[in-house]
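As structure tokens, the structure follows; a few thoughts come after it.
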Amino acid sequence: MILHCVFCSFQSDASQADRTAILAELAAFSQSLDGVLGFDFGANHDFENKSLAVTDGFVIRFRDRQALAAYSDHPTHKALGARLCELCEGGADGVMVVDLVCGD
């Protein structure tokens, strides 16, 4: 299984409605694909004060690397990713991605 973890630094003027909308659209799209086991998203509460710049994030659970590749290469992912970047500080620089391989 792969945990695709995405951390976002939304611009301060990005409305909560816009933030929630793009994350919900990513969730709906992701869950329509074969090999996606789950999608969770939410605001960063940073209880340990270690990621203050991160405002929100999401985690997608993929069955394997092929499922992640199908998601990454999909034109809908690319369009939604571009919209997400438009809402983040510094565009794509306001998004951090960490892929964790679990159970191997």
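Please treat every number below as a calculation from the coordinates, not as lab data. All of these numbers come straight from a predicted model, not from anything done at the bench. Here the Cβ positions follow ideal geometry from the backbone for every residue, glycine too, while neighbour counts run over all protein chains shown.
Using the 10 angstrom Cβ neighbour count as an exposure proxy, how do His4, His74, His45 rank, fewest first?
Exposure proxy ranking, most exposed first: His45, His74, His4.
Would you mind counting up the charge near Leu84? Only other residues with Cβ under 11 Å from its Cβ, with Lys and Arg at +1 and Asp and Glu at -1.
Net of charged neighbours comes to -1.
At q = 0.13, 0.16 Å⁻¹, what is the base-10 log of I(q)/I(0) for region 1-61 according to the Debye formula with one equal point scatterer per Cα and no solvent? Please give it to two decimals.
Debye output, listed in q order: -0.37, -0.54.
What is the dipole size for the chain, taken about its Cα centre, with +1 at each Lys and Arg Cβ and -1 at each Asp and Glu Cβ, in debye to the nearest 20?
With only Lys, Arg, Asp and Glu charged at Cβ, the dipole is about 200 debye.
If Lys and Arg each add +1 and Asp and Glu each add -1, what is the summed charge of the other residues whose beta carbon sits under 10 Å from the beta carbon of Phe41?
Here the count lands on -1.
In a shell of Cβ-Cβ distance under 13 Å around Ala70, excluding Ala70 itself, what net charge do Lys and Arg (+1) and Asp and Glu (-1) give?
Net local charge, Ala70 excluded: 0.
Mind checking Rg over Rh on region 2-101, alpha carbons, Kirkwood formula for Rh?
0.95
Nearest 0.05, what FRET efficiency do Asp46 and Leu3 give at R0 = 30 Å with Cβ-Cβ as r?
Once rounded, the FRET efficiency stands at 0.95.
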